[in-house]
Amino acid sequence: MRVAVIGTGYVGLVTGVVLADLGNQVLCIENDPEKLAKLRAAEAPSFEPGIEELLKRTIADGSLRVSDSVAEAAKFADVLFIAVGTPSRPDGSVDLSAVHAVAEEIGKNLTHDLLVVNKSTAPVGTVREIGRIIERSSIGRKAVVASNPEFLREGNALQDTREPDRIVIGADDRASVAALEELYSPLNKPILFTSPESAEMIKYACNAFLATKISYINAISRVCELCGADVAHVAKGMGMDRRIGPDFLKAGLGYGGSCLPKDVAGFIDFAGRMGYDFQMLHAVKGVNEAQASHFLQRIEKELGGLEGKTICVLGLAFKPETDDMRAAKSLEVIDFLLARGAAVRVHDPAAMHVVEPQYPQIEFAESPYCAAEGADAAILVTEWNAYKNMDFDRFGAKMCSKVFFDGRRACSQQALERAGFRYFTIGS
Ligand code: UGA
């Protein structure tokens with residue numbers, strides 16, 4: 001099948017390479033000249049395990065091409081995916097201008113029956129609006145428009161796309177999206193057909209629920225600290241109940257990234273516009289915003305102030321296996337430390353190049369051991385495997401004082417204490 005994907009962010013690029021790998025002819029559209037040049041050279045514009053290899057292979061065998069022309073995509077494709085950004089405005093509402101601009105361009109270039117599938121996370125009603133824009137700009141021609149939300153996680157994007165728990169397709173009638181069903185048939189996964197409205201809502205309801213689970217366990221972690229319970233044991237005991245499940249119950253510095261914070265804010269805004277004040281999600285957001293600053297205050301107290309201290313920060317990216325720094329908790333940590341007069345030395349296996357231009361005053365070390373040099377304490381912010389499996393004797397030998405604050409409950413307390421560290425973590 002001939003497939004076009006507009007936008008080569010995480011969702012668009014992964015969709016493109018996976019569908020090309022499944023034997024389709026795929027055209028990916030990117031309007032950022034720098035990203036486009038990289039893609040043309042078969043280089044992945046962002047760090048994501050496995051993507052570059054697949055990109056190289058599908059470009060080399062001719063199944064994937066890149067271009068900057070939405071017009072070309074509209075003329076070429078049987079199925080066209082919209083996967084452009086839907087960023088937050090300062091008030092939390094969702095900026096749909098990129099989606100609308102693409103819809104207009106599709107309309108202007110509509111030459112045949114085209115199935116337009118929206119994958120960008122967007123409030124309920126967006127699919128119908130895309131349909132109206134296409135109809136208006138094509139002077140009466142209609143395209144079938146469907147919603148097909150994406151549930152992949154950064155750092156795990158290829159596997160999530162090839163082996164999704166389910167595929168959600170929102171359309172007015174199943175027959176009109178038969179091409180999409182056929183496209184996904186090689187994955188052999190359950191497909192849920194709903195209305196466009198319900199499909200759009202499923203995406204927000206999922207991300208808001210995942211954020212709720214995280215904020216719930218983080219709120220529990222605060223109570224654990226006050227009463228002597230251990231949140232890791234509490235989460236384990238909760239997760240063994242099949243009605244609750246063990247996933248997304250890891251207490252830490254809170255959720256970051258380009259999706260959960262943005263989508264919680266977008267959902268609160270959307271619900272408000274519909275006439276419902278989503279107080280529960282306000283609380284979820286509030287717990288998340290307080291989590292890192294609470295741990296930082298504990299650190300400051302434990303160290304007797306931060307002025308003149310050297311702090312080693314392990315991990316910058318918002319989660320492991322990515323170089324994505326959007327809404328990363330490390331930024332909050334670094335800003336706090338600098339504001340209190342500490343010197344900061346950081347390490348991250350993938351994201352240092354993204355952060356370096358913004359922070360000329362901090363030191364970027366080439367290994368965690370170099371980052372520990374002369375430090376009064378270490379704070380683990382992102383749970384990369386490289387930190388979990390460190391040689392803590394070697395790490396501690398570099399430091400002035402062996403104090404370890406584990407912001408993700410990632411390292412073994414026993415191993416650190418054996419190496420002579422004082423160990424502090426969230427929720428115990
Ligand atoms: C999230 C969802 O998990 C995906 O299903 C969804 O497709 C995606 O948003 C999206 O809308 O595009 P992602 O942001 O890539 O995926 O990463 P997650 O694995 O969900 O992690 C988000 C944040 O939550 C990270 O900062 C992580 O450290 C934190 N987290 C996650 C916790 O603090 N505790 C947990 O138990 C799990």
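Here, each number is a calculation from the coordinates, and none is a lab measurement. Computed from a prediction, not measured in an experiment: that's the story for all the values here. Here Cβ is always computed from backbone atoms with ideal geometry, including for glycine, and neighbour counts include all displayed protein chains.
Brief remarks on what is shown
- Residues of the stretch 114-126 classified as in contact with a strand residue (DSSP E or B) (Cβ under 7 Å, 6 or more places away or on another chain) and in a loop (DSSP other than H, G, I, E, B), total: 5
- Helices (runs of 4 or more DSSP H) within the stretch 1-70 that include 2 or more residues touching a Leu at 6+ places or on another chain (Cβ under 8 Å), closer than 22 Å to Pro186 by Cβ and not charged (D, E, K, R): 10-21, 51-60
- Filtered residue count, the stretch 303-345, keeping only those that are among the small types (Gly, Ala, Ser), under 30 Å from Ala265 (Cβ atoms) and buried (at least 21 other Cβ atoms within 10 Å of the Cβ): 4
- Residue in the stretch 171-181 that is hydrophobic (A, V, I, L, M, F, W, C), in contact (Cβ under 8 Å) with a residue 60 or more places away in the chain, within 13 Å of the ligand (Cβ to nearest atom) and out of contact with any Leu (no Cβ under 6 Å at 6 or more places or on another chain) present: no
- Qualifying residue in the stretch 121-140 (condition: surrounded by fewer than 16 Cβ atoms within 10 Å (Cβ to Cβ) and under 30 Å from Gly286 (Cβ atoms)): yes
- Some residue of the stretch 17-25 being within 16 Å of the ligand (Cβ to nearest atom) and within 24 Å of the chain's Cα centre (by Cα): yes
- Cβ-Cβ distances below 8 Å connect the following pairs, each with a first residue in the stretch 255-276 that is among the charged types (D, E, K, R), a second residue that is assigned to a helix (DSSP H, G or I), and a separation of six or more residues or different chains: Asp263/Lys203; Asp263/Tyr204; Asp263/Asn207; Asp263/Ala208; Asp263/Ala211.
- Note on the stretch 231-255: residues that are part of a loop (DSSP other than H, G, I, E, B) and more than 10 Å from the ligand (Cβ to nearest atom) total 6.
Yes/no matrix, rows are residues, columns are (1) free of Cβ contacts under 8 Å to residues at least 40 places away in the same chain; (2) in a loop (DSSP other than H, G, I, E, B); (3) under 19 Å from Pro49 (Cα atoms):
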| site | (1), (2), (3) |
| --- | --- |
| Phe336 | no, no, no |
| Gly341 | yes, yes, no |
| Val346 | yes, no, no |
| Cys370 | yes, no, no |
| Ala378 | no, no, no |
| Phe404 | yes, no, no |
| Arg409 | no, yes, no |
